[in-house]
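Each remark here refers to the structure printed beneath this line.
No lab work stands behind these numbers, since they all come straight from the coordinates. These numbers come from a predicted model, not from an experiment. All Cβ positions, even for glycine, are placed from backbone atoms using ideal geometry, and neighbour counts span all protein chains on display.
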Amino acid sequence: MNNEHIMNTYSRFDDIFVRGNGVYLYNEQGKEYIDFIQGVAVNCLGHANQVLSNTLAEQSKKIMHISNYFWSDTQIKLAERMSSLSDHKSLFFCNSGTEAIETALKLGRKHGRMINENKYEIVYTKNSFHGRSMGALSVTGQEKYQKDFLPLIGGVVESIYNDIDSLESKINENTCAFIVEPIQGEGGVVSATKEYLQKARELCDKFDALLIFDEVQTGIGRLGTFYAYKKFGVVPDVICMAKGLGGGFPIGAVLGNEKASKVFVPGDQGNTFGGNPLACAMGNAVIGELVDNGVLKNVNDMSEYIYGKLEELKLKHNSIVELRGTGLLIGLAFDFEAKDFTKACYEKGLLLATAGPNVARLLPPLNVKKEEIDKVITIIDEVLNEK
Ligand SMILES: *Cc1c(COP(=O)(O)O)cnc(C)c1O
């Protein structure tokens, strides 16, 4: 199908979806799918979650939007809550992951400039994904995304992911920031090692550069802790979040520690919609479910359950080369094209994403149940049997 009124930026499946419920999605014909993409890790509580739809309805009857010339109760509450769950002092709210990254890059640049005018280099990693705006794209180490949009912003330096020697050779006194994903999501569900992130912390301390973690995909409980950095025991100066934070409603956030919180002054950064009362009410509701109502525990329980099942499948099917990921960010690496696999799953009513050429990515909602995982395992088993 081709809708000529929508720009050609995605290759899409043919279905037109009209409704969802939890892990399930339904197309116009009423065909049911199990959705293990969930808007790419966005719908952390599944589709049509009651708590979220009530929150949306109730808050919309109070205030949806006011400008950032004023305070709002829901924004203050969300900032306090996110700060109290972290080692970070203050937040900046925006509407997406890309905007969170742009904000973090600006924080890095100004932090450097406050020290001296040559301290502006931003070090990033190969195979990263940080977004598609000109700034975020400049630190996204994938030629296929960059090549038609050159020249990008200057003053950026590529390093090799998970490579300590590379970090040591790229981070120096001219570095203002190092940006890294604790687990590269789009890049193939590749996890950083603790030693690597510890080294990054050490070098950023040594040269007074900001250590920025892009937790847009790994944060909001996806790894079993609210913040991804808690899994690695390395505390960054700046954290970027988005995707799951609004449970399906657009919101992004940047957290800064004491040092990073001193960088911006009025006028340095801003946006019209960022942190509006409706988005923040959704963030508060998501945190309530994850932290107070047991969903984080479910992530850990279901993670153990699904990896157990996937290990069994791996023993049975040689085509599964490797199981990757943490919590409910799961990668299945194959010895063939992942697209062929996800297409076959789709035909059997299971929606899965890819991550690089030969990795399928499973992103269940964080409140997924055992029975739902069982159904998914059955479909994957069938597809691999037919390979
Ligand atoms: C999705 C993603 C982004 C970009 O977020 P948008 O909301 O699409 O702008 C940035 N970084 C990572 C790690 C992501 O997964």
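Quick look at the values:
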quantity: Cα-based shape type of the stretch 283-355, given that a ≥ b ≥ c are square roots of the gyration tensor eigenvalues and the cut on a/c is 1.5; calculated: prolate
quantity: Equivalent-ellipsoid semi-axes of the chain, from the Cα gyration tensor, Å, largest first; calculated: 33, 26, 20
quantity: Total formal charge among the other residues, if their Cβ is under 12 angstrom from that of Tyr346, Lys/Arg +1 and Asp/Glu -1; calculated: 0
quantity: Computed [θ] at 222 nm, helices only, for the chain once each DSSP H run of length n ≥ 4 contributes -39500 (n - 2.57); calculated: -11000 deg cm²/dmol
quantity: 0 to 90° range, to nearest 10: angle between helix 73-84 axis and the chain longest Cα axis; calculated: 90
quantity: Amide H contacts of Gly270 (H built 1.01 Å from N, under 5 Å, at least 5 apart or other chain); calculated: none
quantity: Residue order, fewest to most surrounding Cβ atoms within 10 angstrom, among Asp73, Asp15; calculated: Asp73, Asp15
quantity: Residue order, fewest to most surrounding Cβ atoms within 10 angstrom, among Met82, Met134; calculated: Met134, Met82
quantity: Helix axis angle, 50-62 relative to the chain longest principal axis, alpha carbon, degrees; calculated: 50
quantity: Label-point separation, Asp148 to Glu322 (7 Å along Cα→Cβ), nm; calculated: 3.0
quantity: Per principal axis, descending, Cα span of the stretch 118-243 in whole Å; calculated: 39, 31, 21
quantity: Placed amide H near Val23: partners under 5 Å, 5+ positions off or other chain; calculated: His47
quantity: On Cα atoms only, tilt of 277-287 relative to the major axis of the chain in degrees; calculated: 60
quantity: Label point 7 Å beyond Cα of Asp381 along Cβ direction - residues of the stretch 1-39 with amide nitrogen under 20 Å; calculated: 34-36
quantity: Efficiency of FRET from Cβ geometry, Met64 and Ile115, R₀ 25 Å, rounded to 0.05; calculated: 0.05
quantity: Least to most buried among Tyr196, Tyr10 (fewest other Cβ within 10 Å first); calculated: Tyr10, Tyr196
